[in-house]
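In what follows, a structure is listed as structure tokens, so that the remarks can point back to it.
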Amino acid sequence: MLSQKCQYALRAVFELSKSYGAGPVKIGSVAGAQDIPQRFLEVILAELKRGGFLESRRGSDGGYTLVRSPQTLTVGEIIRFVEGPIGPVECVTGKPADGCRLYPGCAFLGMWRRVQDAVAGVYDTTTFGDLLESEAKAAGEFVPSYAI
């Protein structure tokens with residue numbers, strides 16, 4: 001499961017994707033649009049900036065912008081930055097399996113690796129541009145028609 005912090009980071013990057021190329025977006029706008037506590041969002045955006053995903057500008061015209069196009073930035077990149085390696089269990093994420101005496105010959109290991117590959121495959125092939133398109137399609141599907 002993804003932490004709440006990671007979900008907020010994904011939603012913040014998604015919101016900034018909507019304004020890519022249009023100038024900085026204020027923290028309050030991102031927080032309001034994505035229902036993220038502003039104080040927590042400030043910390044997350046600062047981390048994403050340090051990670052090279054965002055730029056910021058101070059002042060009345062300031063705010064945050066994405067460094068890369070939403071079409072090239074994947075969900076997997078943000079998840080790995082915030083959470084670390086993607087995997088259902090520690091023994092397939094590259095962390096030492098010190099506590100498991102079954103590790104080298106574990107019957108479940110192959111299955112866990114397939115799960116890891118499947119989940120990572122979805123995250124790594126989904127860009128924020130894809131999510132923007134999905135949102136636009138969903139919004140278009142639910143437009144009420146008042147024609148008689």
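A few notes on this one:
- Some residue of region 59-66 being part of a helix (DSSP H, G or I) and among the polar types (S, T, N, Q): no
- Scanning region 64-114 for residues that are under 14 Å from V13 (Cβ atoms) and of a type in the set (G, A, S) turns up S69, G76.
- Residues that are touching a Leu at 6+ places or on another chain (Cβ under 8 Å) and among the aromatic types (F, W, Y), drawn from region 1-46: Y8, F14, Y20
- Scanning region 52-63 for residues that are surrounded by 11 or more Cβ atoms within 10 Å (Cβ to Cβ) and over 16 Å from the mean Cα position of the chain (by Cα) yields a total of 5.
- Residue match in region 94-106 (condition: more than 24 Å from G76 (Cα to Cα) and of a type in the set (F, W, Y)): yes
- Boolean, R113 is part of a helix (DSSP H, G or I), of a type in the set (D, E, K, R) and closer than 20 Å to Q4 by Cβ: no
- Those residues of region 1-41 which are in contact (Cβ under 8 Å) with a residue 60 or more places away in the chain, among the small types (G, A, S) and not in a helix (DSSP H, G or I), in sequence order: S3
Values quoted throughout were computed directly from the atomic coordinates according to the rules given, and no laboratory measurement underlies them. The model shown is predicted, which means the values in this text are computed figures rather than measured ones. Virtual Cβ from ideal backbone geometry, glycine too; neighbours counted across all protein chains shown.
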